Structures are given as C-alpha cells and as structure tokens.
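Taking it in order: structure first as structure tokens, then the write-up.
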Amino acid sequence: VSLFEDDRVIATILLGDRVRSEARAVVDSLKSLAIFVGMISGDAEGPVRKVSQALGMDFWLARLSPEQKKKAIAEQTHSGPTLMVGDGANDAVALVEASVGVAVQGGLEAAVHASDVYLSRGSIELLPQLIVIGRETLHVVKRNFYVSLGYNGVAAWAAMTGRVSPLLAAILMPLSAFAVFSSARLGTQRLREALK
C-alpha cells in the first residue's frame, strides 16, 4: 500500500500473511497418505506460487473467484474424492462442492456453515489425523459388513439345507453379532491410535 502526496510516494507499507508454522509438516503428512495436495486462492499469482512451492504442493491456482474455486473443486472431484479446507466466505461454495469441506476455527461463519467438518483448533495440524480416522472408520465398516454378510449367508444356507437344526441356528444367531463386535474391536487399533 502506497501513500502519495502530490503524485509522489511518501510511504509504502507491505502487507502479508505468515504461512502457518505447521503447514509444511501437514502437506508432507498428507502426501505420505497418497493425497494430491494443492492450493486454490483468490490472491495474486506471485504469492500463491511462492507459498505453494515453499510447501511442496502438487499444484496451485491463483486469482480465482468463489465460483471459479467451486469449478476447480468440481473438476478435481471427477478424478476422485476431494477435501477442501477453507476459512473465508469466498471459500463457502467450494466447501459445499467438495466431497468433504473442512472449516478451521477462526474462520468466517459462512465457511463454518458450508463445511462438513469443523476443526475446533485454529490449526490445520489435525488434517492428516482426520484422513486416517475417516479411512479407518470406512475400512472397519466395510469389513464388518462383509463379516456379517458371510456369517449370515453361511448360517442361512446351513439352516435352509437342513445342515443345522432350528435350535442350533437360534444359538448361532447371537454369535453373528459377537463376530461383528469382535471384528470392530480388533480392527480399530489404528483408529484408537489416531484418536489419542
């Protein structure tokens, strides 16, 4: 910002934001989880390029309007699920467009309302943990579904073909719930570690 007097610059003030101290570690952690990490911003090209290169991001887009951010997220969604992190009103439509929208504490209310997840700390360091928790939860749900389907399929086949008596089938039925419970209990070790 320059201050002029009679077409002469008498003062110049440089404004800027500091990159969050944890940002590089978070980007590295996300990339180690096989996540394609990028930056979409409404800011000028120079600062956006400089910050994304310093953080080791895979791509960057600058000078985007809120609608262009939404379009960029929609294009990425065709390649697979997307996660958008934002804290401003200009991020709201992109947060809604993403598979999962994440708002960070301290962000504007519009971003919070548009997001699926709200990080209650004013930090992005929980993002890798959020990904691990989501993946592990989905893994446990899928495994339990297949355990239940397999167990009940075999039990139903055995009962219909007369291989087990009705009394034995009644005894085996609660074991189905126990098998799913045991699968969930044993299969959530990484989830419990991520929640610590």
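Some notes on this structure:
- Those residues of segment 27-61 whose amide nitrogen sits under 15 Å from the label point placed on LEU14, 7 Å along Cα→Cβ: 46-48, 50-51
- Cross-link pairs exceeding 32 Å in C-alpha to C-alpha distance, out of LYS31/LYS69; LYS50/LYS196; LYS69/LYS196, comprise LYS50/LYS196; LYS69/LYS196.
- Extension gain from ASN152 to LYS71, taking 0.36 nm per residue of separation minus the Cα-Cα distance: 24.7 nm
- Mean Cα-pair separation over length for segment 38-77, i.e. relative contact order, pairs under 8 Å, 6 or more apart, %: 46 percent
- Full extension of the chain between GLU109 and PHE178 gives 20.4 nm of extra length, using 0.36 nm per residue less the Cα-Cα distance.
- Carbon and sulfur %, accessible surface of segment 1-80 computed with the full protein complex present, 1.4 Å: 52 percent
- Label sites at THR188 and THR161, each approximated as a point 7 angstrom past Cα along Cα to Cβ, lie 3.5 nm apart.
- Sorted on the mean count of surrounding Cβ atoms within 10 Å across their residues, most packed first, peptides 175-186, 90-101, 109-120 read 90-101, 109-120, 175-186.
- If the chain linking ASP116 and HIS78 were pulled fully straight, counting 0.36 nm for each residue of separation and taking away their Cα-Cα distance, it would gain 11.7 nm.
- Environment charge at ALA34 (Cβ cut-off 12 Å; Lys +1, Arg +1, Asp -1, Glu -1): +1
- Using R0 = 30 Å, the C-beta based FRET efficiency linking HIS139 and PHE59 works out to 0.60.
- Solvent-accessible area per residue in the chain equals 66 Å², computed with a 1.4 angstrom probe and all protein chains kept.
- Test item: Cα-centred dipole of segment 94-191, Lys/Arg +1 and Asp/Glu -1 on Cβ, debye: 540 debye
- Charge tally around GLY107: other residues with Cβ under 15 Å, Lys/Arg +1 each, Asp/Glu -1 each, net -2.
- In summary, the helical segments of the chain meeting the span-like criteria, namely a full DSSP H run, a Cα extent along the axis of 24 angstrom or more and a mean Kyte-Doolittle hydropathy of at least -1.0, are 127-160, 166-187.
- Here is the list for segment 70-178: trypsin sites (Lys or Arg not before Pro) lying in DSSP coil, each with at most 13 other C-beta atoms within 10 angstrom of its C-beta, are ARG121, ARG163.
- Dipole magnitude for the chain: about 1180 debye, using +1 per Lys or Arg Cβ and -1 per Asp or Glu Cβ, origin at the Cα centre.
The values are calculated or read from the model by the stated rules, or taken from the named source; none is laboratory data. This one's a predicted model, so the numbers in the text were calculated from it and none came from an experiment. Here the Cβ is made from the backbone with ideal geometry for all residues, glycine too, and neighbour counts use every protein chain on show. Ligands, DNA and RNA are excluded from the accessible area calculation, which covers all protein heavy atoms including side chains. Shrake-Rupley method; radii C 1.70, N 1.55, O 1.52, S 1.80 Å.
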